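These notes concern the structure reproduced below.
The values are calculated or read from the model by the stated rules, or taken from the named source; none is laboratory data. What you are looking at is a predicted structure, and each value in this text was computed from that prediction instead of being measured. Note: ideal-geometry Cβ built from the backbone for every residue, glycine included; neighbour counts use all protein chains shown. With ligands, DNA and RNA removed, areas are computed over all heavy atoms of the protein, side chains included. Shrake-Rupley method; radii C 1.70, N 1.55, O 1.52, S 1.80 Å.
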Amino acid sequence: MQKPAYKVKIGSETFDSTTSSEILSILIDCDINIPLDVFSILFKPGDKAAAMKKGDEVAIELGYEGALAKVFTGTVDAVEPKVSGTAVKGYSAAAAFAWLKIHQVYEKQTSGAIVKDLAQRAKIKVKTAEDGISFPMYVVDDSKSTYEHMKELAGLNGFDLYMTTDGQVVFKKYASKTPRPFKYGRDILRSVVQELTPPT
């Protein structure tokens, strides 16, 4: 039987489920359609959690003993004392896009080149940025965040825009692959269907 496991690095501290029991819960919320992925980790009362601070780098690996995969990288945004311990919360690297607003005019640039420049300004690495549409002129202004401008470029091109688990930008056309089968009780423990009724 496979045993769930984790490895969490925050700042200079590393917490491994095989050697420590300081973490009570780990919550990660990721979505391709929203700019910010978030995490929340609840620690037992102790000096290590209390010493963590805003801006500390975070890397989270989840899986089973002997088979962990990195699922999140980002930074701490808040350290909150709780009755049962200390909650450490934060965002993925996409926060730099969500909060950055700039003025810039691009001449004779492809969509991919614009995305690369915006990523560089936000100090975020780019894993893939396909060229897409070329523009004689494209204006980025501070009426919207950098993320919103990049999302609009993705929509104009029919591209996906998302962050990898190691904090890099992907801007490319969707490519279908062989579906991966998921088994209830092994891969999926709970499912929820939410249907939104459009306004009439």
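Tabulated results
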item	result
Leading residue by the ranking (farthest from Lys125 (Cα to Cα)) among those in segment 49-81 that are charged (D, E, K, R), under 22 Å from the mean Cα position of the chain (by Cα) and not in a strand (DSSP E or B)	Lys53
Strands (runs of 3 or more DSSP E) wholly inside segment 82-200 that include at least 2 residues being under 30 Å from Tyr64 (Cα atoms)	86-92, 126-129, 159-163, 169-173
In segment 64-78, the residues that are more than 20 Å from Met163 (Cβ to Cβ) and either in contact with a helix residue (DSSP H, G or I) (Cβ under 9 Å, 6 or more places away or on another chain) or not hydroxyl-bearing (Ser, Thr, Tyr) (or both)	Glu65, Gly66, Ala67, Ala78
Test: residue in segment 64-75 that is in contact (Cβ under 8 Å) with a residue 24 or more places away in the chain, open to solvent by less than 30 Å² (accessible area, probe 1.4 Å) and in contact with a Lys or Arg (Cβ under 8 Å, 6 or more places away or on another chain)	no
Residues satisfying the stated conditions in segment 164-197, i.e. farther than 13 Å from Thr128 by Cβ, surrounded by fewer than 10 Cβ atoms within 10 Å (Cβ to Cβ) and touching a strand residue (DSSP E or B) at 6+ places or on another chain (Cβ under 6 Å)	Phe182
Which numbered condition Lys101 misses (of (1) farther than 20 Å from Ala119 by Cα; (2) modelled with pLDDT of 90 or more; (3) charged (D, E, K, R))	(1)
Residues of segment 21-58 that turn out to be surrounded by 15 or more Cβ atoms within 10 Å (Cβ to Cβ) and polar (S, T, N, Q), as a count	1
